[in-house]
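**Student:** This is the structure, below, for whatever I ask next.
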């Protein structure tokens, strides 16, 4: 009990007219003490209850008026506290000393921990010595203290075991507290950490920035977040995201800063990985397309000399992937990337744009086209050297297109477009070379793009038509069939033959739609022309290699036969040698199934590809169509004559039919007959014509045969 309160009691009771009731009333509303009792001396060793407040009566379980005058110990519970309280009361009477102590006692409403103060009163109006007993139930206080202790342990455990670092800095930026996570991360004893500023430990440029952030937080009184990179005593790099929060004193002043840091070292590593993945190609390690665009823009912006953009493609890279597998192809791309890095100097730049496509930027500081050309030739020679991958020795060729800044264009998009145009031209000219851009290439490329857009709409606009060129059997002097040839009535360019648009159709995939339209139209014509005929009048239809790969060609053919009521023996399907040379199991299976349905299979333009004659044993071939290049000029060229004789002999040996294309003179026709090729097709007999014209000619026997 405070000295102030005791003196107040003494001053009240030192006045003769002051009653105990006044004192009890004084304490009635005091929350500090619950029980107030006035005890006075009686017979030796006896103490009587002179008065008590309501709280005491309630806790003792007795009415106030019934308790006064009774022995105090008669009311005090019979437990171990009774003797202690009695001794303390007697000591207080005898020596006049104020005593304070604690007891545990059982009251009617339960066991209580009591904080008791015994105050001897200086005088009394009744002439007896009295003791004022103040008792406070501290059970709740102890419970709260235990709860606070428990919460403090939880807090301490959480703070010490959190993976986040927690540090407190005073107004001088010195550490005054650090949790275990911070100590573990620093790998230093706590004694070397406390009392130090960030600049003192761990120090370094990043800590200078960090200490300024702490000072800013102290000065402004606002929370601050800072990303911190630093090294500990083991030279391990750490990255933390730290939130600095100002802490205020009771007077409202900023007293310290609490720094809570989260280790984002792994996040930073992943961030760097994401940055690398978004800017570099994972296979080759070279910069990717985005980095290429950025660097090209940078070089032409600050260039004080010409910049050469080289677009590079590997020739027939798909063959390596298909034959040796993608794993070998990936290693090859990686090794090629290494050689490209060898080629460029400090001013150069090389990137992989995707697949087998690369881009190279070269500073032409000397503005010397001859030196640039020699440099590109050196690159081709470097890439032409064999690559040793496992047990395979691979040799490759490349095609390159080159555009120059500022000669050809002044923007990124222009240079890329022009280099692509030059590259495309090199490929069309046979690959394995390089070419510089010139204006004529752009015109051709623009026209190609226009045709592609128009071709997408050609079928819907009914701009396509089939022309038919008759095939003549000269032994029987009769028309035995015809070849369906596609024509496009282009509204801008007029009537176009396939050589003007088929390559575009194949590259874009439009060939699938065109191929179905051609086959359906030819089948409908075959049904009409074979009506009431004893011998089949065959209509030959060209199939693209694209129709065999990744497309249900057999299903499409069967559906078209059902729609048109056409019979397979009325249709001859023409394919190219290049399709057979790829030797895909999917292609073999489809050809076998088509042949089994009753279709005739013919090889078109025979002899123009790299022939591998063993495909005759693997594929169902019925007819060879001799390319016009063997027929033209056979009268004056003995070598062609020998080749023709060899082809005819091969067909007879294999019991395969023959058709000669491009027959234009009577001399050619007679020679072909003399060596055993009796079926011909060409301008000598008839030019390709619309279906109605062919029907009219057949009906009126107007085809001139000799």
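**Student:** Checking the conditions here, which among 225, 200, 192 is under 16 Å from residue 166 (Cβ atoms) and surrounded by fewer than 17 Cβ atoms within 10 Å (Cβ to Cβ)?
**Tutor:** Working: 200 fails: under 16 Å from residue 166 (Cβ atoms); 192 fails: under 16 Å from residue 166 (Cβ atoms).
Of the residues listed, the single one that is under 16 Å from residue 166 (Cβ atoms) and surrounded by fewer than 17 Cβ atoms within 10 Å (Cβ to Cβ) is 225.
**Student:** Cβ-Cβ distance below 9 Å, separation of 6 or more or different chains: which pairs start in segment 465-478 with a residue that is exposed (fewer than 15 other Cβ atoms within 10 Å of the Cβ) and end on one that is assigned to a strand (DSSP E or B)?
**Tutor:** Within 9 Å, the pairs are 465/486; 465/487; 465/488; 465/489; 465/495; 465/690; 475/679; 478/472.
Residue by residue, here is whether (1) surrounded by 14 or more Cβ atoms within 10 Å (Cβ to Cβ); (2) not in a strand (DSSP E or B) holds:
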residue	(1), (2)
555	no, yes
558	yes, yes
563	no, yes
566	yes, yes
572	yes, no
575	yes, no
579	yes, yes
591	yes, yes
596	no, yes
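**Student:** From the list 604, 627, which one is closer than 19 Å to residue 540 by Cα, crowded, with 18+ Cβ neighbours inside 10 Å and in contact (Cβ under 8 Å) with a residue 60 or more places away in the chain?
**Tutor:** Details: 627 fails: in contact (Cβ under 8 Å) with a residue 60 or more places away in the chain.
604 is the lone residue from the list that is closer than 19 Å to residue 540 by Cα, crowded, with 18+ Cβ neighbours inside 10 Å and in contact (Cβ under 8 Å) with a residue 60 or more places away in the chain.
**Student:** Restricting the search to segment 673-703, which residues are surrounded by fewer than 13 Cβ atoms within 10 Å (Cβ to Cβ) and at negative phi?
**Tutor:** 674, 683, 687, 692, 696, 699, 700, 702
**Student:** Just the residues that are in a helix (DSSP H, G or I), surrounded by fewer than 16 Cβ atoms within 10 Å (Cβ to Cβ) and touching a helix residue (DSSP H, G or I) at 6+ places or on another chain (Cβ under 8 Å), please, taken from segment 48-77. Write out each step before concluding.
**Tutor:** Of the residues in segment 48-77, the ones in a helix (DSSP H, G or I) are 54-60, 64-67, 72-75.
Filter once more, so that each one left must be surrounded by fewer than 16 Cβ atoms within 10 Å (Cβ to Cβ): 54, 65-66, 74.
The answer is 54, and nothing else.
**Student:** Among the residues of segment 494-510, is any under 36 Å from the mean Cα position of the chain (by Cα), touching a residue at least 24 places away in the same chain (Cβ under 8 Å) and surrounded by 19 or more Cβ atoms within 10 Å (Cβ to Cβ)?
**Tutor:** Within segment 494-510, the subset under 36 Å from the mean Cα position of the chain (by Cα) is 503-510.
Then drop every residue that is not touching a residue at least 24 places away in the same chain (Cβ under 8 Å), which leaves 504-506, 508-510.
Then keep just the ones that are surrounded by 19 or more Cβ atoms within 10 Å (Cβ to Cβ); that gives 505, 510.
Yes, because at least one residue in segment 494-510 is under 36 Å from the mean Cα position of the chain (by Cα), touching a residue at least 24 places away in the same chain (Cβ under 8 Å) and surrounded by 19 or more Cβ atoms within 10 Å (Cβ to Cβ).
**Student:** Taking segment 687-706, which residues are within 26 Å of residue 521 (Cα to Cα), in contact (Cβ under 8 Å) with a residue 60 or more places away in the chain and part of a loop (DSSP other than H, G, I, E, B)?
**Tutor:** Those that are within 26 Å of residue 521 (Cα to Cα), in contact (Cβ under 8 Å) with a residue 60 or more places away in the chain and part of a loop (DSSP other than H, G, I, E, B): 687, 688, 703.
**Student:** With part of a loop (DSSP other than H, G, I, E, B), touching a helix residue (DSSP H, G or I) at 6+ places or on another chain (Cβ under 9 Å), modelled with pLDDT of 90 or more and more than 24 Å from residue 569 (Cα to Cα) as the only criterion, which of 684, 672 stands out?
**Tutor:** Numbers: 672 fails: part of a loop (DSSP other than H, G, I, E, B).
Residue meeting the stated conditions: 684.
**Student:** Would you mention how many residues in segment 528-553 are within 26 Å of residue 698 (Cβ to Cβ) and surrounded by 15 or more Cβ atoms within 10 Å (Cβ to Cβ)? Outline the logic, then answer.
**Tutor:** So in segment 528-553, the residues within 26 Å of residue 698 (Cβ to Cβ) come out as 528-543.
Remaining after also requiring surrounded by 15 or more Cβ atoms within 10 Å (Cβ to Cβ): 529-530, 536-543.
Final tally of qualifying residues: 10.
**Student:** Residue by residue through segment 174-223, note down the ones that are in contact (Cβ under 8 Å) with a residue 60 or more places away in the chain and farther than 22 Å from residue 264 by Cβ.
**Tutor:** First pass over segment 174-223, keeping only residues in contact (Cβ under 8 Å) with a residue 60 or more places away in the chain: 176, 182, 185.
Of everything in segment 174-223, just one residue is in contact (Cβ under 8 Å) with a residue 60 or more places away in the chain and farther than 22 Å from residue 264 by Cβ, namely 176.
**Student:** Six or more apart or on different chains, Cβ atoms under 8 Å: show the pairs whose first residue is in segment 360-376 and over 17 Å from residue 423 (Cα atoms) and in the same structural domain as residue 292 (by TED's automatic domain parsing) and whose second is crowded, with 18+ Cβ neighbours inside 10 Å and modelled with pLDDT under 80.
**Tutor:** Short answer, once both residue conditions are applied: 371/364.
**Student:** Further question on the same structure: Could you check, for segment 440-454, whether at least one of its residues is modelled with pLDDT under 90, more than 32 Å from the chain's Cα centre (by Cα) and under 26 Å from residue 339 (Cβ atoms)?
**Tutor:** For segment 440-454, residues modelled with pLDDT under 90, more than 32 Å from the chain's Cα centre (by Cα) and under 26 Å from residue 339 (Cβ atoms): absent.
**Student:** Can you tell which of 622, 670 is surrounded by fewer than 16 Cβ atoms within 10 Å (Cβ to Cβ) and in contact with a strand residue (DSSP E or B) (Cβ under 7 Å, 6 or more places away or on another chain)? Before you say what the answer is, go through the steps one by one.
**Tutor:** Details: 670 fails: in contact with a strand residue (DSSP E or B) (Cβ under 7 Å, 6 or more places away or on another chain).
After ruling out the rest, the residue left standing is 622.
**Student:** Can I ask one more? If you scan segment 407-421, which residues turn out to be surrounded by 14 or more Cβ atoms within 10 Å (Cβ to Cβ) and assigned to a loop (DSSP other than H, G, I, E, B)?
**Tutor:** First, the residues of segment 407-421 that are surrounded by 14 or more Cβ atoms within 10 Å (Cβ to Cβ): 407-409, 412, 414-421.
Within segment 407-421, 407, 408, 409 qualify.
**Student:** Is segment 154-165 home to any residue that is crowded, with 16+ Cβ neighbours inside 10 Å, modelled with pLDDT of 75 or more and touching a helix residue (DSSP H, G or I) at 6+ places or on another chain (Cβ under 8 Å)? Break it down stepwise before answering.
**Tutor:** As a first pass, look at segment 154-165 and keep what is crowded, with 16+ Cβ neighbours inside 10 Å: 164-165.
Going one step further and asking which of them are modelled with pLDDT of 75 or more, we end up with 164-165.
Now restrict to residues that are touching a helix residue (DSSP H, G or I) at 6+ places or on another chain (Cβ under 8 Å): 164-165.
Yes; the residues of segment 154-165 include at least one that is crowded, with 16+ Cβ neighbours inside 10 Å, modelled with pLDDT of 75 or more and touching a helix residue (DSSP H, G or I) at 6+ places or on another chain (Cβ under 8 Å).
**Student:** Among 206, 278, 233, which is the only one that is closer than 20 Å to residue 173 by Cβ, modelled with pLDDT under 85 and either not in a strand (DSSP E or B) or not assigned by TED's automatic domain parsing to the domain that holds residue 169 (or both)? If you could, list the steps in order and put the result at the bottom.
**Tutor:** Values: 278 fails: closer than 20 Å to residue 173 by Cβ; 233 fails: closer than 20 Å to residue 173 by Cβ.
Of 206, 278, 233, the one residue that is closer than 20 Å to residue 173 by Cβ, modelled with pLDDT under 85 and either not in a strand (DSSP E or B) or not assigned by TED's automatic domain parsing to the domain that holds residue 169 (or both) is 206.
**Student:** Filter segment 127-139 for residues that are at pLDDT below 75 and surrounded by 11 or more Cβ atoms within 10 Å (Cβ to Cβ) and give the result. Before the answer, list the steps.
**Tutor:** Looking only at segment 127-139, we keep the residues that are at pLDDT below 75, and these are 127, 139.
Within segment 127-139, just 139 meets the criteria.
**Student:** Can you name the number of the only condition in (1) part of a strand (DSSP E or B); (2) in contact with a helix residue (DSSP H, G or I) (Cβ under 9 Å, 6 or more places away or on another chain) that residue 659 fails?
**Tutor:** Looking at each condition in turn, residue 659 falls short on (2).
**Student:** Can you give me the ranges of the strands (runs of 3 or more DSSP E) entirely in segment 283-394 with at least 3 residues that are surrounded by 12 or more Cβ atoms within 10 Å (Cβ to Cβ)?
**Tutor:** On the way: elements: 306-314, 349-354, 357-364, 387-389, 392-394.
Correct list: 306-314, 349-354, 357-364.
The values are calculated or read from the model by the stated rules, or taken from the named source; none is laboratory data. Since this is a predicted model, take the numbers as computed values, not measurements. Glycine also receives a Cβ, built like all others from the backbone with ideal geometry; neighbour counts cover every protein chain displayed.
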